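Engineer: Before I ask anything, here is the structure I am working with.
The values are calculated or read from the model by the stated rules, or taken from the named source; none is laboratory data. Every value quoted in this text rests on a predicted model; they were computed, and no experiment measured them. Reconstructed Cβ throughout: ideal geometry from the backbone, glycine too, with neighbour counts over all protein chains shown.
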Amino acid sequence: MPVFPSSEWLDAYVAGINSSAEFAEAARTFEAELSYVFEAEPECGHPRDVWASAGVSGGVCHWWRYDVDPDEGAKAEFILRAPYSMWKEIILGAVDPMEAMLDGDLAVTGHLPTLLRYVRAANELVTLAASVSSSFADDDRAVTTAGAGSAS
């Protein structure tokens, strides 16, 4: 079970994206580079901001990188950003991803008209994060959620 966040966790997340019929349908005409920021919370065992980036087109994630330079990550068309503890709550299913976005707890930045057009795809991306079986450095809890499966 991969530790969140990590390169192994990102691999499992992308496998979920690429096996999700819901994401494939919602994002079939979407093409963008995305960045995710897992903001530092030293008290939770997450001492620094970590950036990950991915390239999505045609409902498929074609490439992804973990621990990218923030200057590189900031060039993405869309950035999903939250403190480590908020990502953890989303993954544990304690917080609804759409509510987190609407409340500003999960910041999503990018071209607003495109975001509105692909809000279902954006929601699915965050929901898929919750489908990854994850462990966390700051406690012994782990979550296994039935969901996306693995890419073939």
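Engineer: Any residue at all in the range 14-33 that is of a type in the set (Phe, Trp, Tyr) and closer than 21 Å to Lys88 by Cβ? Give the derivation first.
Structural biologist: Taking the range 14-33 as the starting set, the residues that turn out to be of a type in the set (Phe, Trp, Tyr) are 23, 30.
The next check asks that each one be closer than 21 Å to Lys88 by Cβ; those that pass are none.
Within the range 14-33, not a single residue is of a type in the set (Phe, Trp, Tyr) and closer than 21 Å to Lys88 by Cβ.
Engineer: Conditions first: (1) modelled with pLDDT of 95 or more; (2) in a loop (DSSP other than H, G, I, E, B). Met1 passes all but one, so which condition is the exception?
Structural biologist: Every condition holds for Met1 apart from (1).
Engineer: Which of the residues spanning the range 110-130 are modelled with pLDDT under 90 and assigned to a loop (DSSP other than H, G, I, E, B)?
Structural biologist: Ala130
Engineer: Are there any pairs, at least 6 apart or on different chains, whose C-beta atoms fall under 8 Å, with the first in the range 36-49 and free of Cβ contacts under 8 Å to residues at least 40 places away in the same chain and the second surrounded by fewer than 15 Cβ atoms within 10 Å (Cβ to Cβ) and assigned to a helix (DSSP H, G or I), and if so, which?
Structural biologist: Here the result reads Asp49/Pro70, each pair linking the range 36-49 to a residue that is surrounded by fewer than 15 Cβ atoms within 10 Å (Cβ to Cβ) and assigned to a helix (DSSP H, G or I).
Engineer: Among the residues in the range 85-94, are any crowded, with 17+ Cβ neighbours inside 10 Å and outside any helix (DSSP H, G or I)?
Structural biologist: no
Results for (1) outside any strand (DSSP E or B); (2) under 16 Å from Leu115 (Cα atoms), shown as yes or no for each residue.
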residue	(1), (2)
Glu8	yes, no
Asp11	yes, no
Glu22	yes, no
Ala32	no, yes
Val37	no, no
Ala52	no, no
Arg65	no, no
Ala76	yes, yes
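Engineer: Kindly indicate the residue of the range 5-29 that is surrounded by fewer than 21 Cβ atoms within 10 Å (Cβ to Cβ) and touching a helix residue (DSSP H, G or I) at 6+ places or on another chain (Cβ under 7 Å) and also farthest from Asp139 (Cα to Cα) among those meeting that condition.
Structural biologist: Among them, the one singled out is Ala26.
Engineer: Moving on. Yes or no: Leu102 farther than 21 Å from Leu10 by Cα, without any contact (Cβ under 8 Å) to a residue 40 or more places away in the chain, surrounded by 13 or more Cβ atoms within 10 Å (Cβ to Cβ) and not small (Gly, Ala, Ser)?
Structural biologist: For Leu102, the condition - farther than 21 Å from Leu10 by Cα, without any contact (Cβ under 8 Å) to a residue 40 or more places away in the chain, surrounded by 13 or more Cβ atoms within 10 Å (Cβ to Cβ) and not small (Gly, Ala, Ser) - is not met.
Engineer: Could you tell me whether any residue of the range 76-85 is more than 14 Å from the chain's Cα centre (by Cα) and among the hydroxyl-bearing types (Ser, Thr, Tyr)?
Structural biologist: Checked against the condition, which is being more than 14 Å from the chain's Cα centre (by Cα) and among the hydroxyl-bearing types (Ser, Thr, Tyr), the range 76-85 yields no hits at all.
Engineer: Any residue in the range 62-80 that is touching a Gly at 6+ places or on another chain (Cβ under 8 Å), at negative phi and acidic (Asp, Glu)?
Structural biologist: Yes; the residues of the range 62-80 include at least one that is touching a Gly at 6+ places or on another chain (Cβ under 8 Å), at negative phi and acidic (Asp, Glu).
Engineer: Picking from Ala142, Ala148, Ala94, which residue would you name as being at pLDDT 90 or above and either of a type in the set (Gly, Ala, Ser) or in contact with a His (Cβ under 6 Å, 6 or more places away or on another chain) (or both)?
Structural biologist: The unique qualifying residue is Ala94.
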